[in-house]
Amino acid sequence: MLFNSYLFLLLFLPIALMGYYGAARVSLRLAALWLCLASFVFYGWWNPQFVALLAVSILFNYVVGLLVLQAAGAPRRQLLITSAGVIADLAVLVHYKYFAALFNFLGEWGLTHGAMDTLILPLGISFFTFTQIGFLLDCRSGLVKEKGFLSYVLFVTFFPHLIAGPILHHKEMIPQFADPANYRFKAENLSIGGMLFVIGLAKKVLLADGIAPYADAGFAAPSGLDFWGAWATSVSYALQIYFDFSGYSDMALGLAKMFGIRFPLNFNSPYKAASIVDFWARWHITLTRYLTSYLYYPVAMAVSRARERRGMAVGSLAARTPGGFAATIIVPTLFTMGLAGIWHGAGLQFLVFGIWHGLCLSINHGWRIFVVGRKPPSERHSGPAAKALCVLITFVAVLIGQAFFRADGMHSAWQLLAGMMGLHGFGGLESLSHAAGLPFGDAWRLVIGHHLQAVYIVLLLGIAWFTPNAHQILGVHSPAIFKTLPNPNRLLRWRPSPGWLIAALFLLALCLATLHKETRFLYFQF
């Protein structure tokens, strides 16, 4: 079931809300149970056979988590149980996501015979697997206190985050599910959550789905794109995934708020980032947090311990030397981003996407330490022009990575990049010559008609770069656990008023009128 479907909007969501608050008047456990059942229905609507997989995964990880907690006084046994649980989770993920691709890859090298069809990937398998691996690791670290089964099931299955995140941490969710105040109906929860949901729905239906055909057409035949066509394709996809994922994240946080639950912020205007480090602090924030906690830090600490045993410098002292920088910054970064790339898909292009971002992050850290860090503090500030240039450079670096992220394979990605470099020619702007001599009105309509994609791109880039995001508009009312910077524009600050209610209803009506077909969110494929 999709958030952007009539079935969800007109049937599932109203029933889920009424059942939840109605059950809460009888018993909090009944309300939690209702929400679990509703979440299973939401998940199973797409393919009921995978409900069993989800249920078994939850039961398995819950039991393993209890065993890990019981082995708290025996570190080696605890490590063994944790490792077995994590390996089992990864084995299931590899089976569905990578096994067929790996088998066929080995077949190309003559190591296997025949070909294997790609398996149907269960929706959200990466997200609920990562969520539960994090739970097992936190059990071993002694961070898990709540052991109730119903709370754990709700933590994993709560439908607003089940399919595409945000990736939640149990310590920020379990206390909310245990708080009786969150089960009481509050009009403000519906008001704020509804407003955020409508903004997200508009991003998806009106903006992302509108630009998608241009991106799809370009990536279908990248070898035929000239300079302008390649850049238009690349930027179109950048805007499609931006508003698609941003819209989904807003809808997820808005839905959670309707049920009295707050999620961590997952998307914070990443195309306004002035560096690639800043970009990853704004894009899929909970994934970055997860990768940093469970991949980057363990590797960085292992490297530091190894250097310490040899009497070498560690920490910031090590990072100031070329060798130390390579060992303590570049190695953990490339390792983490390489795995992050593979997490998105089985093709080589996803690994290249991850490595590319790892290299960009390393260069960014190197610039910060070896160039900016050696300047006096008074010379480290940059003006608006320099900042705008940094935003532009960061955006281009993101576009290069997205060429591999979106393309069907390495060849298609290289073809698009070759077009962007002008290797396929620059083409012409024939429509401008055709407009010469026409009356102004006719010439204007002719040019706009031939370059509608460019108009769309300029409009969406303007929204991404120059307008506040949904959480800035909501300001102090934002349900996100972590707040964004305040919105400087007073006219775009939400408040509970008739004017904002009319605006929300108008936007919702526009979305419903445009909802001709259900299109999946791009992150559902991961």
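Please give me the summed charge of the neighbours of Thr288: other residues whose Cβ is under 14 Å from its Cβ, Lys and Arg +1, Asp and Glu -1.
Charge balance in the 14 Å sphere: +1.
Give or take rounding to whole Å, what are the principal axis extents of the alpha carbon atoms in the chain, in descending order?
83, 64, 64
Largest first, how would Trp34, Trp343, Trp465, Trp228 line up by accessible area (1.4 Å probe)?
Ranked list, largest accessible area first: Trp228, Trp34, Trp465, Trp343.
Is region 6-185 rounded, prolate or oblate when judged by the Cα gyration tensor, a ≥ b ≥ c being the square roots of its eigenvalues, rounded requiring a/c under 1.5 and prolate requiring a/b larger than b/c?
oblate
Given a 1.4 angstrom probe, I'd like the percentage of the accessible area of the chain that is carbon and sulfur, rounded to a whole number.
69
Would you mind working out the accessible area per residue for the chain, using a 1.4 Å probe, and quoting it in Å²?
48
Given only helices, namely DSSP H runs of n ≥ 4 each adding -39500 (n - 2.57), what is the per-residue ellipticity at 222 nm of the chain, to the nearest 500 deg cm²/dmol?
Value at 222 nm, helices only, nearest 500: -20500 deg cm²/dmol.
Express in whole angstrom the spacing between the alpha-carbon centres of region 82-123 and region 128-145.
With region 82-123 and region 128-145 each reduced to a Cα centre, they are spaced 24 Å.
Return the equivalent ellipsoid semi-axes of region 292-375 as a descending list in whole Å, where each equals the square root of 5 times an eigenvalue of the C-alpha gyration tensor.
Working from the Cα gyration tensor, I get semi-axes of 24, 16, 8 Å.
Can you list the lysines whose alpha carbon is less than 19 Å from that of Lys147, not counting same-chain residues fewer than 8 positions off?
Lys171
Is the shape of region 30-76 rounded, prolate or oblate, going by the alpha carbon gyration tensor and its root eigenvalues a ≥ b ≥ c, with a/c under 1.5 for rounded and a/b larger than b/c for prolate?
Oblate is the answer for region 30-76, as a/c is 1.5 or above yet b/c matches or exceeds a/b.
Rank-order 158-170, 491-503, 47-59 by packing density, defined as the average count of other C-beta atoms within 10 Å over each peptide's residues, highest first.
158-170, 47-59, 491-503
Report the charge-dipole magnitude of region 97-194 in Debye, nearest 20, computed about the Cα centre from +1 at each Lys and Arg Cβ and -1 at each Asp and Glu Cβ.
320
Using per-residue counts of other Cβ atoms within 10 Å, averaged over each peptide, order 309-321, 329-341 from highest down.
329-341, 309-321
Just want the answer: with Cβ charges of +1 for Lys and Arg and -1 for Asp and Glu, which residue in Tyr523, Gly65, Gly499 is farthest toward the dipole's positive end in the chain?
The residue sitting most towards the positive pole is Gly65.
Helices from the chain with mean Kyte-Doolittle at least -1.0 and a Cα length along the axis of 30 Å or more, per DSSP H: which?
Span-like helices, by this rule, are 49-70, 75-97, 227-258, 384-406.
Of Lys145/Lys483; Lys204/Lys387; Lys272/Lys483, which pairs sit farther than 24 Å apart, going by alpha carbon to alpha carbon?
Result: Lys145/Lys483; Lys204/Lys387 exceed 24 Å.
Where does the charge balance sit around Ala238 when Lys and Arg score +1, Asp and Glu -1, over other residues with C-beta under 13 Å from its C-beta?
Summing Lys/Arg as +1 and Asp/Glu as -1 gives 0.
On a C-alpha basis, how far is the centre of region 34-78 from the centre of region 361-412 in Å? Whole number, if you could?
Computed from Cα coordinates, the inter-centre distance equals 40 Å.
Placing unit charges on C-beta atoms (Lys and Arg positive, Asp and Glu negative, everything else neutral), compute the dipole magnitude of the chain about its Cα centre in debye, rounded to 20.
Roughly 1940 debye for the chain.
Whole Å is fine, so just give me how far the alpha carbon centre of region 263-308 lies from that of region 197-213.
27
The values are calculated or read from the model by the stated rules, or taken from the named source; none is laboratory data. Since this is a predicted model, take the numbers as computed values, not measurements. With ideal geometry, Cβ positions are generated from the backbone for all residues, glycine too; neighbour counts draw on all protein chains shown. Ligands, DNA and RNA are stripped out before the accessible areas are found, and what is left, the full protein with its side chains, is counted by its heavy atoms. Shrake-Rupley method; radii C 1.70, N 1.55, O 1.52, S 1.80 Å.
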